[in-house]
Amino acid sequence: MIDGIREKLMVLSRGGVRACSESIKKLHRREGGVDELIETARANLKDMLGIIEQGKQGATLASYLDTLYQELVEAITLRTILQGKDMQPPSRLDPPVPPVPFVQGICDAIGELRRACLDSVRMEQFEEAEHFFNLMERLHEHVNSLDYPNAMIPEVRHKSDVNRKLINATRSDLTMVFQMNKLTKNLSRLTKN
């Protein structure tokens, strides 16, 4: 019986993760259909919670939820930021998200913000790129303020180290682009005189 429950949970989790991944791609491409994909992932998560509750196997099977929680937080965070809305705490999400996968999802969203930042640079939307970069730094600072052992918040230290490198690379990229843009404007102004 428990094997059947595990199989159902894995199928729902894979489907939800796939929907989150697709929603993130659509967000970056500025396409529609994002809300529907996030709702699919949310519905899968709720179905998983129902199966676990019904089977009275909460502690044994709860780990099956973590990946989908994390991916859903990443997708919702990116959507919220790109739409210019305020982020919600984990307890106000539907369904509420436990703290550890919430923090892990925020860490993953920082990497997605790098992509959003560089996409803005490509479209010569420099203020938007700088805004996304500032959000990357702020989210990273919040995550770094959590001074807990790796056993309590698994993967977060590693993700934080990776994000520090992403932030430094993004800072370097933006500095070069902004300086090149400034130089181009100055040269253009000089050639007109």
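Which loop GluC sites (Glu not before Pro) in the range 44-114, with loop taken from DSSP, have no more than 11 other Cβ atoms within 10 angstrom of their Cβ?
Hits after loop and neighbour filter: nothing returned.
Among the listed pairs 85/185; 85/159; 26/85; 8/165, which have their C-alpha atoms separated by more than 29 angstrom in this model?
The answer is 85/185; 8/165.
Based on Cβ point charges of +1 for Lys and Arg and -1 for Asp and Glu, what charge dipole magnitude is obtained for the chain about its Cα centre, in debye rounded to the nearest 20?
Charge dipole, the chain, about its Cα centre: 660 debye, nearest 20.
Work out the P(r) tail for the range 98-193: percent of alpha carbon pairs separated by more than 21 Å, whole number. Intermediate values should be presented prior to the final figure.
On the way: 1904 of 4560 pairs.
Cα-Cα pairs in the range 98-193 separated by more than 21 Å: 42 percent.
Quote the charge dipole size of the range 32-108 about the Cα centre in Debye, to the nearest 20; the model charges only the Cβ of Lys and Arg (+1) and of Asp and Glu (-1).
Computed about the Cα centre, the dipole is about 180 debye.
List the aspartates and glutamates whose Cα lies under 18 Å from the Cα of residue 46, skipping any in the same chain that are fewer than 8 positions away.
Partners within reach: 7, 35, 36, 66, 71, 74, 94.
Dipole of the chain (Lys/Arg Cβ +1, Asp/Glu Cβ -1, origin at the Cα centre): which of 52, 140, 91 lies farthest to the positive side?
140
Take the Cα atoms of the range 1-89, build their convex hull, and give its volume per residue in Å³.
80
Would you work out which of 38, 120, 179 lies farthest towards the positive end of the dipole of the chain? Charges go on Cβ: Lys and Arg +1, Asp and Glu -1.
With unit charges placed on the Cβ atoms, the residue in question is 179.
Taking the beta-carbon count within 10 Å as an exposure proxy, list 17, 11 from fewest neighbours to most.
11, 17
Bin width 5 Å, alpha-carbon pairs only: give the P(r) of the chain as whole percents, running from 0 to the bin holding the largest distance.
1, 7, 15, 17, 17, 14, 10, 7, 4, 3, 2, 1, 1, 0, 0, 0, 0
Go ahead and estimate [θ] at 222 nm for the chain from helices alone: -39,500 (n - 2.57) per DSSP H run with n ≥ 4, summed, over the residue count, rounded to 500.
Calculated mean residue ellipticity at 222 nm is -28000 deg cm²/dmol.
Summing +1 for each Lys or Arg and -1 for each Asp or Glu, what net charge is found among the other residues whose Cβ lies under 11 Å from the Cβ of residue 94?
On the way: positive: 42, 46, 92; negative: 39.
So the environment of residue 94 carries a net charge of +2.
Calculate one ³J(HN,Hα) per residue across the range 110-127 by plugging θ = phi - 60° into the Karplus curve 6.51 cos²θ - 1.76 cosθ + 1.60, and present them in order as whole Hz with x for glycine and proline.
4, x, 5, 5, 4, 4, 4, 4, 5, 4, 5, 4, 4, 8, 6, 9, 5, 5
Please state the charge dipole magnitude for the range 95-162, taken about the Cα centre, from unit charges on C-beta atoms (+1 on K and R, -1 on D and E), reported in debye and rounded to the nearest 20.
240
Every number in this text was worked out from the coordinates using simple rules, so none of it is lab data. Everything numeric in this text was worked out from a predicted model, so none of it was measured. Glycine also receives a Cβ, built like all others from the backbone with ideal geometry; neighbour counts cover every protein chain displayed.
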